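Scroll down for the structure; my scribbles are underneath it.
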Amino acid sequence: MEKEFLTRIQKGFPIAERPFAELAEELGSSEEELLDLYRRLKEEKVIRQTSAIFDTKSLGYKSSLVAFKVADIESAAEIVNEHPGVSHNYERDNPYNLWFTIAVAPDSKLGLEKTVELLAERTGAESFIILPTKKMFKISVQLDVKGDRAKKERVKRAKKEPMELEPIHFEMIKGLQRDIEPVAEPFAQLVESLGIDHATLAREAERMKKAGLMRRFAAILYHRKAGFTANAMVVWKVPEERAEAIGETVAAYSAVSHCYLRPVYPEWPYPLFSMVHGKSREEVEGIVEEMAEEIGVKEYNYLYSTREFKKVRIEYFSPEFEKWEQRFASGD
């Protein structure tokens, strides 16, 4: 039951009046049993968070992966983590040793590049590279807890339906970002504060999904507690004329959660990035070797994360973005 439950809520958690009851019916269980299971998996830190996963770009934010080369990594990580748009921050086994994702708000006065330059100055970075997404092939952190590590499937991309956001949608976005509690009606407080009913919340959330604003409402796991003790950002040196075809092939592996094309630099010749998960370093490298043989690429590199400094979901439309710029852009 536990594996089936984890698999299901990684794909999507129902936005409904009694979501655990819906899941129980689907899984042949009871609402009380699933609530107890969810509570236990949260306490044991198997489930990290269950909330909406929004598309940063679609909400008007500019974002990028950034790599810093720093001497004092602990101090640098602390400075980088202060920015409210930094969602992930890791030490990786590479001369570029601090890797983080950052987003800046639509009304940012600094913009993305100036924000990164300011962080580089404040951390004393020796050098840095900014690696925005040129093409996304896959972003879907759904760990295969059932163990079919090399299963492949084509990534499906639905056509987006245009949607104009109204004031209530911005409030919904703020509310749906919060982690749900293990209670029978986890959305009750949100619908009450919005002055709507559960059906309206579900309908408007579905509209945001179809518009590409929200990827899904789902659970994210603590990888290590779920048995995935190894993960590597694998970067590939691929020929430009084959980059998109190779990206689609790599993204099809179930062990790959993220796959993107990014810019190259003289000191960074790897345009294709893929995050590969496994239950051991040997398993990860076995999957990568299988990929390399299939795509015919011999030049690639493993960037293992050695420390996690930050992993959160961004709180979109938070006043903290403006506060950060007011504080640090003025030189305080």
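The values are calculated or read from the model by the stated rules, or taken from the named source; none is laboratory data. Computed from a predicted structure; not experimentally measured. Positions of Cβ are generated from backbone atoms using ideal geometry, with glycine treated the same way; all protein chains shown enter the neighbour counts. For accessibility, only protein heavy atoms count, side chains too; no ligands or nucleic acids. Shrake-Rupley method; radii C 1.70, N 1.55, O 1.52, S 1.80 Å.
Here region 181-332 is treated with +1 on each Lys and Arg Cβ and -1 on each Asp and Glu Cβ, and its dipole about the Cα centre works out to around 260 debye. Whenever you get a sec, compute what percent of the accessible area on the chain sits on carbon and sulfur atoms (1.4 Å probe). Summing carbon and sulfur atoms, their accessible area is 47 percent of the total for the chain.
Under a Gaussian network description of the chain, with springs only between Cα atoms under 10 Å, the residue in 138, 11, 159 that fluctuates furthest is 159.
Provide the gained length on full extension for the span residue 135 to residue 121, in nm with one decimal, where the gain is 0.36 nm per separating residue minus the Cα-Cα distance.
Gain in length upon complete extension: 2.1 nm.
Here the Kirkwood formula, the inverse mean of 1/r across different C-alpha pairs, assigns the chain a hydrodynamic radius of 21.2 Å.
Computed over the Cα atoms of region 186-283, pair by distinct pair, the Kirkwood hydrodynamic radius stands at 16.8 angstrom.
The label-point distance for residue 196 and residue 330, in a model that sets each label 7 Å from Cα toward Cβ, rounds to 3.7 nm.
If you sort 1, 172 by accessible surface, 1.4 Å probe, largest first, the order is 1, 172.
Annotation for residue 110 and residue 78: the two label points, set 7 Å from Cα along the Cα-Cβ direction, are 1.9 nm apart. Estimated at the nearest 10 Å², the accessible area of residue 18 is 100 Å² with a 1.4 Å probe. Taken per residue, the accessible surface of region 1-113 reaches 43 Å², heavy atoms only and a 1.4 Å probe. In this label model, residue 36 and residue 268 are separated by 5.0 nm, measuring between points 7 Å along each Cα→Cβ vector. Which is farthest toward the positive dipole end of the chain among 284, 190, 68, measuring Cα position about the Cα centre, with Cβ charges +1 (Lys, Arg) and -1 (Asp, Glu)? The residue sitting most towards the positive pole is 284.
Placing a label point 7 Å from the Cα of residue 299 along the Cα-to-Cβ direction, the residues of region 240-282 whose backbone N falls under 18 Å from that point are 240-247, 261-274. Length gained on full extension, residue 93 to residue 181: 28.0 nm, using 0.36 nm per residue less the C-alpha separation. Anisotropy class assigned to region 1-43 is rounded, per the alpha carbon gyration tensor with a/c under the 1.5 cut-off. A full extension of the chain between residue 163 and residue 312 corresponds to an added length of 51.0 nm, given 0.36 nm per residue minus the alpha carbon distance.
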